[in-house]
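Below is one structure, written out as structure tokens, with a few remarks after it.
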Amino acid sequence: MASTEAIAAAFRIDPQILEKWLEGKQPVLAKYASAHQQIFAQFEYIGGEWHPKLDRQSSVAMLDEPSQSQNAVESDRVQHPNSSEVDLEPQSTAMFQAVGIVTGAVHLDWETHKHSAIINGSTYPLFYISQKRKAFEALKAEVAATGNSRQRLIVYPRVIHFPNKQRAHEIAFQLVGFDKGQQTKQEVSRELLDFEFKLAGLWQFIPVCRIPCISIFRNFSSERLDYIKQAEPAKKVKFLKASHLPLLWKDAPCKPFRFNPKAEGDQGHPTFVTLKVKFLPERNVFSFVEQLTPVQETAPPFLKASKKDKASLRRQ
């Protein structure tokens, strides 16, 4: 998602012109015709934000929508008892987050859009959303100019779990940016060492993973709420899909929540934790490094797909 200002900056036009196009108050001059066509062909303006059109084929779609033949489970199919579509809690500075640093050899394939990063001998899909294409282009230029494919990447981790617990989960990384070392203007790159991540989410087990996870949900905003209220179930479920990151945390101050569908009564709820962790490529999991804030019994406001929407998709 992106703001009108961000889209205008990406296409090098005045934000006020773009706003007038949305309101139907500004004719499209010849010099803006190309930008107008590209914007409205690639994006749709919903709920106060620009969203990539879902019918566009991209590496994001391939990673976020595993085929039925793979029997892949969408991460947010995990159900929590007594939860509503929107959980609103008191205002807090805490927020759901998962961002970190990986270092590896980058392979960019612009014909197939199957980009990857080779980390400690293992290959991980590396993808981008349309708003970050410029970052990918800059990464491509850096590799071409220096001849050095080994890069330090700022990424969001993405995990796909499968119904069979014997089948290992798969991890991919969404590119946010890159740098040439610790001396950088990007705060996350200054704060984190290679393979370190900052995770903030719910500490719990999910049915399709033996290892407890940190579950990252969509942070609440009124604009996002407006969008999901009018979105089709398929778009809504995809937009609200959570990410469940397997974590090794031996001496955790609280047990990960485990929901028992056969139990009766109130079973409690997962706690919200904010941690620094390290990605272990040899095991394809994350490992606890440091607790950044005290454990919170109440999570910050977040959005999740309703059981009704998920059920309607399964019936299709």
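The values are calculated or read from the model by the stated rules, or taken from the named source; none is laboratory data. Since the structure is predicted, the reported quantities are computational estimates derived from the model, not experimental observations. Note that we place each Cβ from the backbone using ideal geometry, even for glycine, and neighbour counts take in every protein chain shown.
At a glance:
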{"read-out": "Inter-residue pairs, beta-carbon under 6 Å, first in the same structural domain as residue 101 (by TED's automatic domain parsing) and among the charged types (D, E, K, R) and in the stretch 154-169, second at pLDDT 95 or above and outside any loop (DSSP other than H, G, I, E, B), 6+ apart", "value": "158/172"}
{"read-out": "Residues (surrounded by 17 or more Cβ atoms within 10 Å (Cβ to Cβ) and at pLDDT 90 or above) located in the stretch 227-250", "value": "242, 243, 244, 245, 246, 247, 249"}
{"read-out": "Top-ranked residue of the stretch 136-178 - restricted to ones that are farther than 25 Å from residue 277 by Cα and hydrophobic (A, V, I, L, M, F, W, C), ranked as surrounded by the fewest Cβ atoms within 10 Å (Cβ to Cβ)", "value": "145"}
{"read-out": "Flag for residue 201 being small (Gly, Ala, Ser) and either outside any loop (DSSP other than H, G, I, E, B) or at pLDDT 95 or above (or both)", "value": "yes"}
{"read-out": "Residue under evaluation residue 237, criteria (1) at negative phi; (2) in contact with a strand residue (DSSP E or B) (Cβ under 7 Å, 6 or more places away or on another chain); (3) of a type outside the set (Asp, Glu), criterion not met", "value": "(2)"}
{"read-out": "Boolean, residue 288 is at pLDDT 95 or above, over 26 Å from residue 195 (Cα atoms) and crowded, with 17+ Cβ neighbours inside 10 Å", "value": "no"}
{"read-out": "Test: residue in the stretch 205-217 that is surrounded by 20 or more Cβ atoms within 10 Å (Cβ to Cβ), part of a helix (DSSP H, G or I) and not aliphatic (A, V, I, L, M)", "value": "no"}
{"read-out": "Those residues of the stretch 109-120 which are more than 15 Å from residue 153 (Cβ to Cβ), loosely packed, with under 14 Cβ neighbours inside 10 Å and touching a residue at least 24 places away in the same chain (Cβ under 8 Å), in sequence order", "value": "110"}
{"read-out": "Subset of the stretch 119-159 [under 22 Å from residue 243 (Cα atoms) and hydrophobic (A, V, I, L, M, F, W, C)]", "value": "119, 126, 127, 129, 153, 154, 155, 159"}
{"read-out": "Residue list for the stretch 254-287, restricted to those being among the aromatic types (Phe, Trp, Tyr) and closer than 18 Å to residue 206 by Cβ", "value": "257, 259, 272, 286"}
